[in-house]
Amino acid sequence: MSDTQEMAGKAFDSFVKKYEEKYPKAVECLTKDKEVLLTFYDFPAAHWIHLRTTNPIESTFATVRHRTKKSKNCHSYTTIMAMVFKLFESAAKRWIKIRGFQRLADVIRNVRFKDGEPVINEQDQLLKVSNA
């Protein structure tokens, strides 16, 4: 929950130091995936909350799994697919719009982000100064 990737790296290292003797396998697993775990810092800060959680996926599929396991007389492929489609359609009504959706265009255009803010290279900075 750090504000910058550098601060998160320091907190990560502190965690490793504190727990590596008690939980060596868990710490090894986390250390191996450190870069991947901190990748969300390369996206807009408004998106971090969505990137840190898998709850939307888990809760949606949990609803479908719960309903399909409990259903009786739903043995054909067509009836199961129709039911799953309707469950997803119903769940979609309660989905919240992604925070910072205005930044999605930047993400698609491969704009680089550092610590949640867009990285402006020197050429872009010079263009802005000369156009001002």
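Would you pick out the residues in the range 11-55 that are closer than 20 Å to Phe113 by Cα and in contact with a Phe, Trp or Tyr (Cβ under 7 Å, 6 or more places away or on another chain)?
Residues satisfying the conditions are Lys34, Phe40, Asp42, Phe43, Pro44, Trp48, Leu51, Arg52.
Among the residues of the range 1-18, what is the count of those that are among the small types (Gly, Ala, Ser) and outside any helix (DSSP H, G or I)? Walk me through how you get there before you give the answer.
As a first pass, look at the range 1-18 and keep what is among the small types (Gly, Ala, Ser): 2, 8-9, 11, 14.
Then drop every residue that is not outside any helix (DSSP H, G or I), which leaves 2.
Residues in the range 1-18 being among the small types (Gly, Ala, Ser) and outside any helix (DSSP H, G or I): 1 in total.
Could you tell me which residue of the range 83-122 is surrounded by the fewest Cβ atoms within 10 Å (Cβ to Cβ), considering only residues that are in contact (Cβ under 8 Å) with a residue 12 or more places away in the chain, assigned to a helix (DSSP H, G or I) and under 15 Å from the mean Cα position of the chain (by Cα)? Walk me through it before giving the result.
Residues of the range 83-122 that are in contact (Cβ under 8 Å) with a residue 12 or more places away in the chain, as a first pass: 83-84, 87-88, 91, 95, 98-100, 103, 106-107, 112-118.
Subsequent filtering for residues that are assigned to a helix (DSSP H, G or I) retains 83-84, 87-88, 91, 103, 106-107.
After this cut, where a residue has to be under 15 Å from the mean Cα position of the chain (by Cα) as well, the list is 103, 107.
Details: Arg103: 19, Val107: 14.
Taking the candidates together, the pick is Val107.
Among the residues of the range 19-48, count how many are aromatic (Phe, Trp, Tyr) and more than 11 Å from the chain's Cα centre (by Cα).
Step one: filter the range 19-48 for residues aromatic (Phe, Trp, Tyr), giving 19, 23, 40-41, 43, 48.
Filter again for more than 11 Å from the chain's Cα centre (by Cα), leaving 19, 23.
Residues in the range 19-48 being aromatic (Phe, Trp, Tyr) and more than 11 Å from the chain's Cα centre (by Cα): 2 in total.
Any residue that is modelled with pLDDT of 80 or more and part of a helix (DSSP H, G or I) - is there at least one of those in the range 43-64?
For the range 43-64, residues modelled with pLDDT of 80 or more and part of a helix (DSSP H, G or I): present.
Tell me which residues, restricted to the range 73-98, are closer than 18 Å to Ala46 by Cβ and at pLDDT 75 or above.
Of the range 73-98, the ones closer than 18 Å to Ala46 by Cβ are 95-98.
The answer is none; no residue qualifies.
The values are calculated or read from the model by the stated rules, or taken from the named source; none is laboratory data. Please read all numbers here as calculations on a predicted model, not as lab measurements. Glycine gets a Cβ as well: all are built from the backbone with ideal geometry, and neighbour counts include every protein chain shown.
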